[in-house]
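Contents: one structure, followed by commentary.
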Amino acid sequence: MRAAVVRTFGGPEAVEIVDVELPEPGARQVRIKVTASALNPVDAGVRSGIFGGAGRQIGLGWDVAGTVDAVGPAAAWSAGEEVVALAHGVAAPLGAHAEYVVVDTDAVALAPASVDAVHAATLPLNALTAVQALDLLDLAPGDSLLVTGGAGAVGGYAVEIAARRGVKVAALSRAQDEEFVRSLGATRLVDGAGGADGFGGAGGFDAVLDAAVLGSEALAFVRDGGAYAGVIPQAQPAPERGVRTTAVEVASDGVRLAELVRAVDAGELTLRVAGTYALDDASKAHARLAEGGLRGRLVIVP
């Protein structure tokens with residue numbers, strides 16, 4: 001099969017399409033024929049060497065939507081089922097930007113029935129990151145939350161999920177995104193200049209989910225004794241004013257992913273595709289990601 005990998009770190013030109021042997025599923029694993037796989041900022045980080053692994057082949061791609069192709073012993077899936085999954089890892093030799101990928105059976109959920117595979121491929125990594133970060137914040141209905149990067153992929157899911165839980169959500173985003181973030185459930189847009197008006201001013205939020213990776217700057221929006229959750233593992237700012245700080249380390253979770261799929265089919269989560277690229281054009285997709293300004297995810301279609 002063909003797969004997108006990096007063997008030397010660098011810019012988009014470092015992405016290579018290589019021929020590799022078809023991976024075989026082991027015990028409690030399934031092989032998925034990939035229909036679509038989103039391109040995420042973490043892939044750019046892997047490509048540029050942020051996560052290490054020099055001297056090895058490293059696969060790209062975490063999200064997968066496709067069809068179960070083969071199953072290993074004790075795998076609770078059947079060939080032919082349409083599924084989504086999170087192929088977790090920053091240093092594996094193969095990822096989901098490939099024609100086939102092997103994942104653990106408990107990372108898999110049935111695909112949404114209401115959207116195509118290209119849209120479904122934007123769900124696993126970003127939505128699981130959002131919901132697992134919200135779990136860390138442990139907010140109750142009526143609590144106030146600021147989501148930085150509220151119009152982005154992780155941030156958008158976080159706004160929708162939190163609003164469904166009864167949390168009062170504001171989004172830190174650009175003014176031109178106000179209509180969009182309100183459509184997701186945000187009751188207020190914060191532009192970063194005027195303070196968190198409507199929620200007691202700057203420092204008035206019970207918590208912040210920092211999808212925009214502002215770090216210590218985002219703490220200014222949290223009340224004393226509140227909570228902060230970042231999206232880069234172990235990179236949260238130091239606690240201050242009694243604010244509890246933590247960061248999500250996203251984990252594969254087929255049960256939670258199935259819940260998110262049901263939310264998609266119920267019309268409660270918004271899936272956004274910024275464009276599609278063939279696997280052979282993966283380096284072009286990386287170059288477009290580097291340009292910025294995207295709303296939604298680019299998707300690799302083998």
May I ask you to list the residues in the range 79-112 that are open to solvent by 20 Å² or more (accessible area, probe 1.4 Å) and either assigned to a strand (DSSP E or B) or polar (S, T, N, Q) (or both)?
E82, Y100, V102, D104, L110
If we scan the range 33-51, do we find a residue that is farther than 17 Å from K284 by Cβ, open to solvent by less than 50 Å² (accessible area, probe 1.4 Å), in contact with a strand residue (DSSP E or B) (Cβ under 8 Å, 6 or more places away or on another chain) and of a type in the set (D, E, K, R)?
no
Taking the range 113-154 only, how many residues are out of contact with any helix residue (DSSP H, G or I) (no Cβ under 6 Å at 6 or more places or on another chain), farther than 22 Å from F205 by Cα and open to solvent by 10 Å² or more (accessible area, probe 1.4 Å)?
6
Kindly evaluate D206 against the criterion of being out of contact with any strand residue (DSSP E or B) (no Cβ under 8 Å at 6 or more places or on another chain), farther than 17 Å from Q132 by Cβ, at pLDDT 90 or above and open to solvent by 20 Å² or more (accessible area, probe 1.4 Å).
no
Does R288 meet the test of being open to solvent by 20 Å² or more (accessible area, probe 1.4 Å), within 25 Å of Q176 (Cβ to Cβ), at pLDDT below 95 and not acidic (D, E)?
no
Among all residue pairs at least 6 apart or on different chains, which show Cβ distances below 9 Å where the first residue, located in the range 111-123, is touching a residue at least 40 places away in the same chain (Cβ under 8 Å) and the second is part of a helix (DSSP H, G or I) and surrounded by fewer than 20 Cβ atoms within 10 Å (Cβ to Cβ)?
P112/R262; P112/D265; A113/D265; S114/D265; V115/D265
Criterion violated by V68 - all others in (1) open to solvent by less than 10 Å² (accessible area, probe 1.4 Å); (2) modelled with pLDDT under 95; (3) of a type in the set (V, I, T) satisfied
(2)
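Listed here are the residues, each with its yes/no results for (1) within 18 Å of the chain's Cα centre (by Cα); (2) crowded, with 19+ Cβ neighbours inside 10 Å.
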{"residue": "P233", "(1), (2)": "yes, no"}
{"residue": "Q236", "(1), (2)": "yes, yes"}
{"residue": "E240", "(1), (2)": "no, no"}
{"residue": "R244", "(1), (2)": "no, no"}
{"residue": "A247", "(1), (2)": "yes, no"}
{"residue": "S252", "(1), (2)": "yes, yes"}
{"residue": "L257", "(1), (2)": "yes, yes"}
{"residue": "D265", "(1), (2)": "no, no"}
{"residue": "I300", "(1), (2)": "yes, yes"}
Of the residues R56, R2, only one is more than 21 Å from L125 (Cβ to Cβ), touching a residue at least 24 places away in the same chain (Cβ under 8 Å) and out of contact with any strand residue (DSSP E or B) (no Cβ under 9 Å at 6 or more places or on another chain); which?
R56
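The values are calculated or read from the model by the stated rules, or taken from the named source; none is laboratory data. Just so you know, these numbers come straight off a predicted model, no measurement behind them. As a convention, Cβ positions derive from the backbone with ideal geometry for all residues, glycine included, and neighbour counts pool all protein chains shown. SASA here: full protein model, heavy atoms, side chains in, ligands and nucleic acids out. Shrake-Rupley method; radii C 1.70, N 1.55, O 1.52, S 1.80 Å.
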